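Below: the structure, in structure tokens.
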Amino acid sequence: MGGKKKEGKEKPLEKMTSKDLREMAMKIPEISGVHGMNKAELISQIKLSRGIADETPRPKGDSARELKEKIRKLKSVRESALKSEDEKMAAIYRKRIIRLKKKTRRVAA
């Protein structure tokens, strides 16, 4: 009874699950690294390959991934400051790391 799918129309990309988007992206040869992408990245890549203009502009500011990369860099710089016994700079880097962590929480919410 309900075993057949309608092939005429497909769901909007935003309504599809990330699993369905991944399967769709695997069929498109221009897209690589499908398994490492999240839902938003998959949608933008599929739209780009289909030639659909993305009507939603990116939010201003950094994404969570960019912020976490900055945190990793600052942690390594802070470690080197601690090894060279520069307590003042280590404290400054610590405050910057804390500020970036707060930003990631705001971006995630």
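Coordinate-derived values only; no laboratory data. Keep in mind it's a predicted model, so treat the numbers as computed, not measured. Positions of Cβ are generated from backbone atoms using ideal geometry, with glycine treated the same way; all protein chains shown enter the neighbour counts.
Here the Karplus relation 6.51 cos²θ - 1.76 cosθ + 1.60, evaluated at θ = phi - 60°, turns the backbone of segment 67-80 into coupling constants of 5, 5, 5, 5, 4, 4, 5, 5, 5, 5, 5, 5, 4, 5 Hz, with x for every Gly and Pro.
The phi-based Karplus calculation (6.51 cos²θ - 1.76 cosθ + 1.60; θ = phi - 60°) puts the 3J(HN,Hα) values of segment 85-102 at 6, 9, 5, 5, 5, 4, 5, 5, 5, 4, 5, 5, 4, 4, 5, 5, 4, 4 Hz, whole numbers, x for Gly and Pro. About its Cα centre, the chain has a charge dipole of approximately 540 debye under the convention of +1 per Lys or Arg Cβ and -1 per Asp or Glu Cβ, with nothing else charged. Checking the Cα-Cα distances for LYS15/LYS68; LYS75/LYS95; LYS83/LYS103 against a 19 Å cut-off, the pairs over it are LYS15/LYS68; LYS83/LYS103. Seen through its C-alpha gyration tensor, with square-root eigenvalues sorted a ≥ b ≥ c, segment 64-108 comes out oblate because a/c lies at 1.5 or above while a/b is not bigger than b/c. Computed over the Cα atoms of the chain, the ratio of the radius of gyration to the Kirkwood radius (Rg/Rh) comes to 1.20.
The packing ranking of peptides 81-87, 43-49, 91-97, highest mean first, is 43-49, 91-97, 81-87, where packing means the average number of other beta carbon atoms within 10 angstrom of each residue. Here the contact order of the chain, divided by its residue count and restricted to Cα pairs under 8 Å and six or more residues apart, works out to 19 percent.
Length gained on full extension, ALA108 to SER18, computed as 0.36 nm times the residue gap minus the Cα-Cα distance: 30.6 nm.
Of the residues SER18, LEU100, HIS35, the one whose Cα sits farthest towards the positive end of the charge dipole of the chain is LEU100 (charges of +1 on Lys and Arg Cβ, -1 on Asp and Glu Cβ, taken about the Cα centre).
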